[in-house]
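A.B. asks: Just dropping this structure here.
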Amino acid sequence: METGHRRRRERVHDETPLDPTYDHAAVEAVLEAHRRDPGRLLPILHDVQAHFGFVPRGSVRQLARSLGRSRAEIHGVVGFYHDLRWEPAGRRTLRLCVAESCQAAGVRALVPLVEELVGCRLGETTLDGAITLEAAYCLGLCTCSPAALLDDETVVGRLDESSVRELVTAARAEQ
Ligand code: FES
């Protein structure tokens with residue numbers, strides 16, 4: 001029988017029970033589905049995110065153990081890919097393109113206004129959970145730069161101060 005001391009020690013060394021969003025069985029099912037895929041870390045992370053809506057931090061230990069990777073590597077991959085996230089997304093997602101063509105068309109000058117109107121910085125979600133504001137790296141609308149995308153549905157090109165205000169108002173409107 002385990003002693004209370006041993007259980008406490010295991011909790012300190014195992015982060016997973018402390019993460020309420022973590023579901024060991026769900027992550028195991030994703031790992032099993034990719035058991036035969038070589039180099040499968042990225043698709044596994046996408047499937048974990050598809051299940052939870054984000055990558056729970058508590059899943060990192062299980063993923064690292066199962067895939068023979070370090071936890072630092074898992075953290076690095078999630079941090080590197082902009083479409084992977086550690087937190088749940090807002091009810092709406094506004095993606096502002098900051099790639100080359102949009103930069104040449106002046107998107108950097110619009111970023112502070114977008115962040116002010118939305119109420120959070122690029123890469124964050126508003127405190128009320130209404131909007132996630134993301135940087136995008138080319139939306140395929142370079143001829144209409146600068147461009148933005150709301151919920152993978154509404155595309156707005158040739159952004160200026162006026163259209164940014166309209167776009168954020170639309171993003172704030174409940175669907
Ligand atoms: S660089 Fe922004 S849409 Fe292509």
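A.B. asks: Shape call for region 92-172 from the C-alpha gyration tensor, a ≥ b ≥ c root eigenvalues: rounded (a/c under 1.5), prolate (a/b greater than b/c) or oblate?
C.D. replies: prolate
A.B. asks: Under the rule of at least 5 residues apart or a separate chain, name every residue whose amide H is placed under 5 Å from the amide H of THR93.
C.D. replies: Answer set, sorted by chain and number: THR132, ASP151.
A.B. asks: Net charge near VAL164: determine it from the other residues with C-beta under 14 Å of the C-beta of VAL164, scoring Lys and Arg +1 and Asp and Glu -1. Mind dumping the intermediate values first?
C.D. replies: Details: positive: ARG95, ARG108, ARG158, ARG165, ARG172; negative: GLU115, GLU116, ASP160, GLU161, GLU166.
Overall, the nearby charge balance is 0.
A.B. asks: Can I ask one more? Please compute the net charge surrounding ALA29, taking Lys and Arg as +1 and Asp and Glu as -1 over other residues with Cβ under 12 Å from its Cβ.
C.D. replies: Taking every Cβ under 12 Å from that of ALA29, the sum is -3.
A.B. asks: If I build a Gaussian network model for the chain, linking alpha-carbon pairs within less than 10 angstrom, which residue out of ARG36, ARG158, ARG91 has the largest mean-square fluctuation?
C.D. replies: ARG36
A.B. asks: Continuing with this model, one more query. For the residues VAL98, VAL168, VAL118, what sequence is obtained by ranking on other C-beta atoms within 10 Å, fewest first?
C.D. replies: VAL98, VAL168, VAL118
A.B. asks: Here is a further query. Could you work out the relative contact order of region 84-175, using alpha carbon pairs under 8 angstrom and six or more residues apart, expressed as a whole percent?
C.D. replies: It comes to 35 percent, rounded to a whole number.
A.B. asks: For region 73-82, take each phi angle, set θ = phi - 60°, evaluate the Karplus expression 6.51 cos²θ - 1.76 cosθ + 1.60, and give the result in whole Hz per residue in order, putting x for glycine and proline.
C.D. replies: 5, 4, 4, x, 5, 5, x, 7, 8, 5
A.B. asks: Rounded, prolate or oblate for the chain? Axes are the square roots of the Cα gyration tensor eigenvalues, ordered a ≥ b ≥ c, and the cut-off for rounded is a/c under 1.5.
C.D. replies: Here the chain falls in the prolate category.
A.B. asks: Let me ask something additional. Please work out whether region 26-111 counts as rounded, prolate or oblate from its C-alpha gyration tensor, where a ≥ b ≥ c are the square roots of the eigenvalues and a/c under 1.5 means rounded, while otherwise a/b larger than b/c means prolate and anything else oblate?
C.D. replies: Prolate shape, in that a/c is at least 1.5 and a/b is the bigger ratio.
A.B. asks: While we're looking at this one, here's another question. Could you put SER66, SER162, SER145 in order, starting from the residue whose Cβ has the fewest other Cβ atoms within 10 Å?
C.D. replies: The order, fewest Cβ neighbours first, is SER162, SER66, SER145.
A.B. asks: Moving on to the next point. Which whole-number percentage describes the relative contact order of the chain, with Cα contacts under 8 Å and a sequence gap of 6 or more?
C.D. replies: On the way: 227 pairs, mean separation 30.5, N = 175.
Relative contact order for the chain comes out at 17 percent.
A.B. asks: A further question follows. Specify the residue with the greatest mean-square fluctuation among GLU134, GLU153, GLU161, computed from a Gaussian network of the chain linking alpha-carbon atoms under 10 Å apart.
C.D. replies: In the Gaussian network model the winner is GLU153.
Throughout, read-outs are computed from the coordinates displayed, never taken from laboratory work. Since this is a predicted model, take the numbers as computed values, not measurements. Cβ coordinates were reconstructed from backbone atoms using ideal geometry, including for glycine residues, and neighbour counts include every protein chain displayed.
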